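**Student:** Have a look at the structure that comes next, please.
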Amino acid sequence: MTTSVLVKHIESALALGLIPSAILLSEFSLALPGVVSPKENLQIVLSSAKALLANHEHRRARQFYLEALKARAKIDSSDIDITSTAEIRFQIYKCHIGVGEERDALTVLSAIPVSQRTIEMTMAIGKLYSKFNVRTKAVECFKQVLQACPLALNVVLELVQLGEDMEPHFDMNLGLARDQIQWLKTWARGHRAASKKNYSDAVNEFVAIKEKTPGSISAAVSPHVLMHLADWQWKQGHLPGSRVAFEQARRADMLNMDKMDIYAHVLVAQGREADLNVLCAELMGTDNRRVEAWLALARYYQLLCENSLDEHQAMRHAKQGLVFVDKAATLNKSHAEVHMVKGTLLLALDSPREASAHFREAYSTSRDFSPYQGLVSCYIAESRLTEALAVAKDAQQHMPLNPRALTLLGVVLKRYANGSSKARRLFDRALVLRSDCMDAVFALFDLELDEENFDAAIKLLQPHLNHSRVDYVHRRLGDAHLLNQNVDMALKHYHLALSVNPEYEPAKEGIAAAMKALHSSTADVNDHDHAQTPDLDGSPSFDPMGGDELGSPGM
C-alpha cells in the first residue's frame, strides 16, 4: 500500500467521523516499513495531526504540526499540492487555543505574513489582538474581514466593543430594504450603548427591536435579542425583567446554550432552586461539553450552600460546586463566568485571598460589574477597606450610570466613620436611576435598620416582594418588624417565607426568635400586673441575621 493510498484512507475515516480509526491508521502509517519521500512523510504527519486535533488531543496534535512545519520548510514553497506553511501555523494556533495558551496562539498567528492570511486567519488574530488590548491592530483586522463580508455581524459586534460607531456601515449599498437597515442600526446602537456600560439605553434600543418584530416570540424574536435584553437587565440589577427575557429566550430556542450560565446566576439571585434544577438538567441533556452547563450546576450548589444554615453542609455544597467549576474550566478556562463562580464559591469557603485572584481574572476578561463586586467582597472580608474603596470607585467611574456600581461604592463608604450620610446619598441616586435595583434597595434597607428607622425600612422593602427572592424578602421584612417590636407582623412574614420555601431555615429561626420575644413580652405584662411597675426598657432579645450588604442574595 502506497503512502498516498494510506493518506486517502485516513482522510476518508476522518470524513466519515471514524476518528479513532483515523488516529490508529496514522500511527501505523508512520511505523510501516519502506522508504517515503519528504513530501509523502509530510502528508502522513499532517494527516496524523488532523486526526488528533479532531479528537481534541490538542497537545499531541501540536507536536505533529510542529514536525510538519519543519518538514514543509524542506519542500519547494511553490508546490501548491501541499498544505502551506501559513495553514500549518493556523492549525498550531488552534492547538494553542484548545489548551488555553492564547499568547502562544497570538505569537504563531503573527508569524503568518499578512499577504498569506485568509479571512478566517485575519478574524482569529483580530480577536486575539482585541483580547490583549492591541486596539489599533484589532480594528484593522476586523475591517479587513468586513470588506470581504459586509454583513458579518459578529465582526460588527467586535468593532462596536472596541468603540467604533458602526451605524454608518449599514448605509453602504448592501441590497437591504430600508426597514432592515433601520433594524440593524438599532441593533448596533444597542450594543454600542452596552459597550459603554450604558445598559439603560441598550435595553431601550433592544426593546424597540422586540416591539417592531412581528409575530409570536417563538417564531419571530431573535434569541440573540432576548438574551442580550436579559443580560443587560441583569447587569442593571433588574431581576424580574432579566428572568422574563431569559424565559422568552428559552421558549424561542430551547437548545440554545449561550448565556445560560448568566440565566443560572439570575435564578440563584432570586432563590429559584426548582427552576435552576430543571435548567441544569436541560442544559446537560442538550450539550454537556459546553461550559454553560457545568457552570449552571456549580451555581445550583452555590444556591444550596446559601440556603443551608448547617455550616458543614454548606461547606460540602460549596466544595461540590467547585468540582463542577473545575470541569467547566477544562472546557474553557478563559470564560469569565468560570472565574466568577469559582471566586464566589471560594469566598463562601472563607478563602477571600484565593477568591480575589479569580475575580481579578474575570475582570481581565469581562470588565462588567460582577468582578468589581466580587473583589470588594473579598477586600471587606479581609478588612482591607482602602483596597475595597479603590475598586468601588473604579467601578463607579467606569459605570457612572449603573445603579449597582453606585450602590457598591455606598456599601464601602458606609463602613467608614461618618460614611453613612455619603452612603445614603449614593443609595438614593441609585434608586433614582433604577427604582427596582435590589442591590440599592437592600443596602438602603440595611442602613435604615442600622439607624433604627424601622418603619422607613419596612416601607422601602414592602413593594419589592416580586423583585427578588420572595422568601428572602419576607424574612427580611419579618426581621424589621421584630426589631420594631411588632411580633404579629414578624410572624406573618416568616410564615409567608415558609409558604414559599418550606425548608427555608432563616424563616424558621425567625419564628423561634419571634415566639421567644412574644413569651418575653407576656412575662413582662404579668410582672407589670403583679408589681404595678412599668418596664419602659423592654426590647426583643433577637438580633436578626443581617442582609448581604453587597446586594441581593446570590453574587
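The values are calculated or read from the model by the stated rules, or taken from the named source; none is laboratory data. Keep in mind it's a predicted model, so treat the numbers as computed, not measured. Virtual Cβ from ideal backbone geometry, glycine too; neighbours counted across all protein chains shown. Ligands, DNA and RNA are stripped out before the accessible areas are found, and what is left, the full protein with its side chains, is counted by its heavy atoms. Shrake-Rupley method; radii C 1.70, N 1.55, O 1.52, S 1.80 Å.
**Student:** Could you count how many residues in the range 255-278 are open to solvent by 10 Å² or more (accessible area, probe 1.4 Å) and in a helix (DSSP H, G or I)?
**Tutor:** 7
**Student:** In the list 475, 469, 434, 425, which residue meets the criterion of being in contact with a Pro (Cβ under 6 Å, 6 or more places away or on another chain) and more than 22 Å from residue 309 (Cβ to Cβ)?
**Tutor:** None of the others qualify; the one that does is 434.
**Student:** Quick check on my filter: what residues within the range 419-429 are closer than 21 Å to residue 234 by Cβ and outside any helix (DSSP H, G or I)?
**Tutor:** Passing the criteria: none in range.
**Student:** Give 27, 67 a once-over and let me know the one that is at pLDDT below 85, surrounded by fewer than 18 Cβ atoms within 10 Å (Cβ to Cβ) and in a helix (DSSP H, G or I).
**Tutor:** Residue meeting the stated conditions: 27.
Let's see how each residue does on (1) within 28 Å of the chain's Cα centre (by Cα); (2) in contact (Cβ under 8 Å) with a residue 60 or more places away in the chain:
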position: 129; (1), (2): yes, no
position: 140; (1), (2): no, no
position: 165; (1), (2): yes, no
position: 170; (1), (2): no, no
position: 173; (1), (2): no, no
position: 183; (1), (2): yes, no
position: 198; (1), (2): yes, yes
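**Student:** May I pose another question? Among residues belonging to the range 85-115 that are outside any helix (DSSP H, G or I) and free of Cβ contacts under 8 Å to residues at least 40 places away in the same chain, point out the one that is nearest to residue 335 (Cα to Cα).
**Tutor:** 101
**Student:** Condition (residue is farther than 13 Å from residue 481 by Cα, among the aromatic types (Phe, Trp, Tyr) and modelled with pLDDT of 95 or more) applied to the range 445-465: is it met by at least one residue?
**Tutor:** Within the range 445-465 (the criterion being farther than 13 Å from residue 481 by Cα, among the aromatic types (Phe, Trp, Tyr) and modelled with pLDDT of 95 or more), the answer is no, since none of the residues qualifies.
**Student:** Scan 176, 151 and give me the residue that is farther than 28 Å from residue 46 by Cα, modelled with pLDDT under 95, open to solvent by 70 Å² or more (accessible area, probe 1.4 Å) and in a loop (DSSP other than H, G, I, E, B).
**Tutor:** Exactly one residue qualifies, and that residue is 151.
Here's the yes/no breakdown for (1) outside any helix (DSSP H, G or I); (2) farther than 29 Å from residue 417 by Cβ; (3) of a type outside the set (Phe, Trp, Tyr):
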site	(1), (2), (3)
448	no, no, yes
460	no, no, yes
468	yes, yes, yes
471	no, yes, yes
474	no, yes, yes
480	no, no, yes
492	no, yes, yes
497	no, yes, yes
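**Student:** Suppose we filter the range 433-483 for residues that are under 23 Å from residue 517 (Cβ atoms) and polar (S, T, N, Q); how many remain?
**Tutor:** Residues flagged as under 23 Å from residue 517 (Cβ atoms) and polar (S, T, N, Q) within the range 433-483 amount to 2.
**Student:** I would also like to ask the following. Within the range 418-428, count every residue that is under 26 Å from the mean Cα position of the chain (by Cα) and open to solvent by 70 Å² or more (accessible area, probe 1.4 Å).
**Tutor:** 0
**Student:** On the given criteria, is residue 354 modelled with pLDDT of 95 or more, farther than 16 Å from residue 414 by Cβ, in a helix (DSSP H, G or I) and among the acidic types (Asp, Glu)? Lay out the reasoning, then the answer.
**Tutor:** Working: modelled with pLDDT of 95 or more: yes; farther than 16 Å from residue 414 by Cβ: yes; in a helix (DSSP H, G or I): yes; among the acidic types (Asp, Glu): yes.
So residue 354 passes the test.
**Student:** Which one of 367, 353, 415, 404 is basic (Lys, Arg), crowded, with 24+ Cβ neighbours inside 10 Å and either within 23 Å of residue 469 (Cβ to Cβ) or in contact (Cβ under 8 Å) with a residue 24 or more places away in the chain (or both)?
**Tutor:** Unique residue meeting the criteria: 404.
**Student:** Also, I was wondering about something else. Looking at the range 279-294, which of the residues that are surrounded by fewer than 16 Cβ atoms within 10 Å (Cβ to Cβ) and among the small types (Gly, Ala, Ser) is nearest to the chain's Cα centre (by Cα)?
**Tutor:** Out of the qualifying residues, it is 281.
**Student:** So residue 119 fits all but one of (1) within 28 Å of residue 59 (Cα to Cα); (2) among the hydrophobic types (A, V, I, L, M, F, W, C); (3) open to solvent by less than 60 Å² (accessible area, probe 1.4 Å); what number is the exception?
**Tutor:** (3)
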